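The values are calculated or read from the model by the stated rules, or taken from the named source; none is laboratory data. Predicted, not measured: the structure shown is a model, and the values here were computed from it. Glycine also receives a Cβ, built like all others from the backbone with ideal geometry; neighbour counts cover every protein chain displayed. Quick note on the areas: whole protein, heavy atoms, side chains included, nothing else; ligands and nucleic acids left out. Shrake-Rupley method; radii C 1.70, N 1.55, O 1.52, S 1.80 Å.
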Amino acid sequence: MTVETYPFNAAEGLDLAPAYRRAQRTPGPVRVQLPFGEPAWLVTRHDEARFVFADPRFSRAMAQERDSPRTTPHNPVGIVTMDPPEHTRVRTLVAKAFTARRAERLRPWIRKLLHERIDAMAAPADLVAELALPVPIAVICELLGVPARDRDRFQGWSEAVLSTNGLPPEQIVERTGALRTYVAELIAARRDRPADDLMSGLVEARDEQDRLSDLELEQLCIALLVGGYETTASQLANFAHLLLQRPGGLVELADGPDRDRRAAAWVEELLRYVPMAAAAAMPRYAREDVAVGGQVVRAGEPVLVAIGAADRDPGRYPDPDVLDPDRDSRGHLAFGHGVHHCVGAALARIELQESVLALAERLPRLRPAGEVRWKTGLFFRGPQTLPVTW
């Protein structure tokens with residue numbers, strides 16, 4: 001059996017690698033070998049992706065016991081590696097902070113924050129540094145209770161956590177250690193002086209309700225800080241980049257009485273369209289023999305799900321490589337599916353909707369002002385710098 005070298009996607013740009021199309025034409029999953037760990041089955045079609053995400057016969061926790069397939073030297077830790085009931089116990093503690101209702105209450109504040117950032121911009125500007133990074137960082141730090149003076153420190157730490165091969169090992173260790181030290185200090189401060197924020201609630205759950213271990217508390221706070229802004233920041237820059245390539249893309253968003261609906265439709269289609277991850281990650285291990293797309297995955301074998309490819313599956317979305325905000329994009333897997341569906345999906349949607357609306361309303365003549373520099377060596381693809389003018 002052929003085992004293909006993986007990942008397929010290039011670090012630069014947002015194209016979906018042709019190898020994914022070849023995989024989709026191959027019956028069942030294909031075998032791949034990542035830079036680290038054992039070989040895995042790779043799922044690229046939409047229906048098979050949903051099946052693997054939702055079926056309890058596949059385990060995330062088993063990856064901690066194996067040399068799991070991955071792009072980084074170390075296995076991930078924390079809530080993403082748990083199965084129910086442990087996963088349910090931890091997820092329940094944070095889910096109430098990310099409900100659709102609470103996210104909607106934050107919309108006016110997010111809108112105000114975006115307009116303040118645009119007011120402070122002067123042409124030409126780097127849209128990543130001026131908008132795409134600081135807004136999501138401010139939002140997640142506000143929720144968790146991170147002091148405003150510390151927010152700029154997270155980018156370097158996040159790059160270390162998400163690095164594949166872009167940083168020397170000693171820098172990864174140093175920055176990851178600095179992040180853990182900072183989070184431990186913040187947890188200690190919340191023990192002494194509780195506040196009305198998510199971190200204080202998690203500390204209470206640990207100290208008074210014994211619903212978290214010390215290690216789980218630390219890992220969960222780090223996951224929320226990094227995951228709470230990095231994906232949204234990357235997608236905000238990706239969306240802006242694609243809209244700038246489309247003649248009149250921002251103008252058509254700004255015009256008309258139904259612009260909120262149009263912004264929501266654009267965001268859903270962009271979420272479907274953009275293959276943001278450099279590679280599939282977070283393998284699921286078969287607890288028993290399971291048939292996936294006609295291929296029997298044996299007990300103990302890992303399966304990876306390529307979300308970017310599944311959301312461009314022509315069997316699910318006609319003309320999938322066409323960016324069409326008028327299509328029905330429902331059912332996309334940008335936020336995952338099943339028990340590991342992204343807990344912050346509602347908040348991320350609001351941040352992205354308000355961001356494209358703010359750009360359309362305030363900067364309808366926004367246009368590129370230079371070459372895009374792309375992130376390399378990180379798990380999420382997107383512009384490192386996005387020069388614009390207006």
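One way to sum up the overall shape of segment 282-390 is the equivalent ellipsoid from its Cα gyration tensor, whose semi-axes run 35, 17, 15 Å, largest first. With N the number of residues in segment 219-305, Rg(Cα) / (2.2 N^0.38 Å) evaluates to 1.59. Each Lys or Arg adds one and each Asp or Glu takes one away; over the other residues whose Cβ falls under 9 Å from the Cβ of residue 273, this sums to -2. What net charge do the residues around residue 46 carry, taking every other residue with its C-beta under 11 Å from that of residue 46, with Lys and Arg at +1 and Asp and Glu at -1? Around residue 46, the surrounding residues sum to +1. Over the C-alpha atoms of segment 309-355, the Rg to Rh ratio, Rh being the Kirkwood estimate, stands at 1.00. When the solvent-accessible area of segment 1-155 is split by element, carbon and sulfur atoms take up 53 percent of it, the probe being 1.4 Å. Using the Cβ-Cβ distance between residue 299 and residue 345 with R0 set to 30 Å, the FRET efficiency works out to roughly 0.40. For the chain, the spread of Cα positions along the three principal axes, ordered from largest to smallest, is 57, 55, 40 Å. For the peptides 217-228, 11-22, the ranking by packing is 217-228, 11-22, with the highest mean count of neighbouring Cβ atoms within 10 Å listed first. Applying a DSSP loop filter and a limit of 11 other Cβ atoms within 10 Å to the trypsin sites (Lys or Arg not before Pro) in segment 290-390 leaves 298, 330, 365.
Where Rh is the Kirkwood radius over the Cα pairs of segment 55-190, the temperature 25 °C and the viscosity 0.890 mPa s, what D in µm²/s does Stokes-Einstein return?
Using the Kirkwood radius from Cα pairs, D works out to 137 µm²/s.
For n ≥ 4 DSSP H runs only, could you compute -39500 (n - 2.57) per run for the chain, divide by its residues and tell me the 222 nm figure to the nearest 500? Per the formula, -14000 deg cm²/dmol.
Nearest 0.05, what FRET efficiency do residue 204 and residue 288 give at R0 = 30 Å with Cβ-Cβ as r? Calculated value: 0.15.
When the alpha carbon coordinates of segment 213-253 are projected onto the principal axes, the ranges are 52, 14, 7 Å, largest first. In whole percents, the pair-distance distribution calculated for segment 1-98 from its alpha-carbon pairs, binned every 5 Å from zero, is 2, 11, 16, 19, 20, 16, 9, 5, 1, 0.
Charged neighbours of residue 247, selected by a Cβ distance under 13 Å, balance to +2 (K, R count +1; D, E count -1).
Once the 1.4 Å probe is applied to the protein heavy atoms, the chain comes out at 44 Å² accessible per residue.
Solvent-accessible surface (1.4 Å probe) assigned to residue 8 amounts to roughly 40 Å².
Out of the DSSP beta bridges found with both residues in the chain, what percent are antiparallel (nearest 5)?
75
Heavy-atom surface analysis with a 1.4 Å probe gives segment 240-372 a carbon and sulfur content of 49 percent of its accessible area.
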